[in-house]
Amino acid sequence: MTASHLLVPVPIPDRIAALIGSCIPPHVLAAEFDAHCAAREVRRFRGPRLGVEDQADREQALSELARANKTLSAHHPLLAVRPGGAW
């Protein structure tokens, strides 16, 4: 039995990633990319004192993340990306 937090991520060769990507519909791949970008953007705007513009940017990124997660969850519920997730 292995603990999931002890597993080390292993890089996937480009050919294998391309093969996996060819099995997934293009709109799901685009949603995954958008979700990761939006999650990275949400993590950028942290802190108790955000300006009005920063709050608006954070809300926009959360909106984009929710839109992408809706597409990902429709394909498979475990594909959703969290803003504070590991990756």
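The values are calculated or read from the model by the stated rules, or taken from the named source; none is laboratory data. Quantities reported herein were computed from a predicted structural model and do not represent experimental measurements. Every residue, glycine as well, gets a Cβ built from its backbone with ideal geometry; the counts of neighbours run over all protein chains shown. Side chains included, ligands, DNA and RNA excluded: accessible areas come from the protein's heavy atoms. Shrake-Rupley method; radii C 1.70, N 1.55, O 1.52, S 1.80 Å.
Observations
- Residue-normalised accessible area of the chain, expressed per residue, 1.4 Å probe, Å²: 82 Å²
- Computed from phi, the 3J(HN,Hα) profile of the range 32-40 under the Karplus parametrisation 6.51, -1.76, 1.60 (θ = phi - 60°) reads 5, 4, 4, 5, 5, 5, 5, 5, 5 Hz, with x in place of Gly and Pro.
- Expected 222 nm ellipticity per residue - DSSP helices of 4 or more, -39500 (n - 2.57), all of the chain, to 500: -20000 deg cm²/dmol
- Label of the coordinate-derived value, Cα extents along the principal axes in Å, listed as (1) 101, 34, 15; (2) 42, 26, 24; (3) 44, 32, 23: (3)
- Of all accessible heavy-atom area on the chain, the percent that carbon and sulfur account for (1.4 Å): 60 percent
- Of all segments of the chain bounded by trypsin sites (Lys or Arg not before Pro) found in a DSSP loop with no more than 14 other C-beta atoms within 10 Å, the longest spans 1-45.
- Segments 32-39, 71-78, 59-66 sorted - mean Cβ within 10 Å per residue, highest first: 32-39, 59-66, 71-78
- Each principal axis of the Cα cloud of the range 35-84 was evaluated for its coordinate range; sorted largest first, these ranges are 36, 15, 14 Å.
- Each Lys and Arg adds +1 at its Cβ and each Asp and Glu adds -1 at its Cβ; summed about the Cα centre, the range 1-81 shows a dipole of about 200 debye.
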